[in-house]
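Reading through the structure tokens given below for one structure.
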Amino acid sequence: MSSLDILAGTWTTAGAADAGSDDDRSPHDFRTRVETAARAGFTGVGIGYLDLLEAEKQYGHNGIRSMLADNGIAHFEIEMLLNWFVTDSRRTFADEQRATMFRAAEAIGARHVKVGGDWAGGEFDPDHMATEFRILCEDAANAGTKVAFEPMPFVNVRTPQQALEFIQAADHPAGGVLLDIWHIARAGLDVTSVASVPARWIMDVELDDAPLHFNGTMDEMRADTFNGRRLPGQGELDVQGFVDAIKSTGYDGIWGVEILSAEYRKRPIEEAIPDAYRTTVQYLR
């Protein structure tokens, strides 16, 4: 796979979507987002759950699949499945989302589905998560796709090392970890520490940027993850060091760029999306 296979995460193409709200749908038609990303050089795109439902109504699974192929988009990502492992009432809706996402993934040909931890906090039970993750991976494999777990500093699985505890225990080829430089930096880790993650478990990598330090509460950090990110090279994180550390593992998969930024959302996507590609690709050449 080319090291320049770059995927525009859903928020990178979503424009003025109210990210983090109950209604985070993009104001832009999915075809417009795909075509703009393709013109910018991206070979992958992502889509959020509510936008997936809208695109299904408008184009159908076959229409989405054809749209991606016609624009040279080889990598399709669906996000984000939460609460796939909980045992409380949240699980009912999570299971509905899970079925919808895997059905779409199979019909459209998604590379992977992004999954996350417990945004309500909760305890980290690696044995329970390994059991549930193995089942989730099996469901993904049956749909012809994979799952990429993204650790975040404000959920129950904060670091790549914690994620690997249950991912390695589950030991399923359809499951791995997603490494996002923002989440790793905000967890207080050196971004080059990802060099210790075995390549076989790295499912996806996401680039963005931010100020080096963040002083705020956990709730403020959650808000900042939706509003305070910057394009690669426009913050203080060691983006090149992160990329080089990932490459040192032998990873040869795709690279994503995920820009969640109040400032970025104000810009026309015809300008913003090419900037996201340009600022990302400079670190990958």
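About the Cα centre of segment 86-166, what is the dipole size in debye to 20, counting +1 per Lys and Arg Cβ and -1 per Asp and Glu Cβ, all else neutral?
Working: 9 positive and 13 negative charges, 77 e Å.
Using Cβ point charges on Lys, Arg, Asp and Glu, segment 86-166 gives about 360 debye.
Under 1.5 on a/c is rounded, so check that first for the chain, then, if it is not, pick prolate when a/b is larger than b/c and oblate when it is not; a ≥ b ≥ c are the square roots of the alpha carbon gyration tensor eigenvalues.
It comes out rounded by the Cα gyration axes.
With the dipole of the chain worked out from charges on the C-beta (+1 for Lys and Arg, -1 for Asp and Glu) around the Cα centre, which of 159, 284, 259 lies farthest toward the positive end?
Highest projection toward the positive end goes to 284.
Among 102, 121, 20, whose Cα lies farthest out toward the positive end of the dipole of segment 17-145, if unit charges sit on the beta carbon of Lys, Arg (+1) and Asp, Glu (-1)?
102
Among the lysines, which fall within straight-line cross-link reach of residue 146, defined as a Cα-Cα distance under 27 Å, with same-chain neighbours fewer than 8 residues apart omitted?
Here the lysines satisfying the reach criterion relative to residue 146 are 57, 114, 247.
Between residue 57 and residue 240, 0.36 nm times their residue separation minus their Cα-Cα distance comes to what?
Taking residue 57 through residue 240 to full extension adds about 61.8 nm, to one decimal.
Could you please report the charge total around residue 170, scoring K, R as +1 and D, E as -1 over all other residues with beta-carbon less than 11 angstrom from its beta-carbon? The partial results should precede the final answer.
Numbers: positive: 134; negative: 127, 132, 138, 165, 171.
Once positives and negatives cancel, what remains is -4.
Where does the longest stretch of the chain lie that holds no GluC sites (Glu not before Pro) found in a DSSP loop with 16 or fewer other Cβ atoms within 10 Å?
Free of exposed loop sites, the longest segment is 1-122.
Please work out how much length the chain gains when fully extended from residue 99 to residue 128, using 0.36 nm per residue of separation minus the C-alpha to C-alpha distance, in nm with one decimal.
Additional length available on full extension: 8.4 nm.
Quick one: putting +1 on the C-beta of Lys and Arg, -1 on the C-beta of Asp and Glu, what dipole do you get for the chain around its Cα centre, in Debye to the nearest 20?
Result for the chain is approximately 640 debye, rounded to the nearest 20.
Throughout, read-outs are computed from the coordinates displayed, never taken from laboratory work. Bear in mind the structure is a predicted one, so any value in this text is a computation, not a measurement. Every residue, glycine as well, gets a Cβ built from its backbone with ideal geometry; the counts of neighbours run over all protein chains shown.
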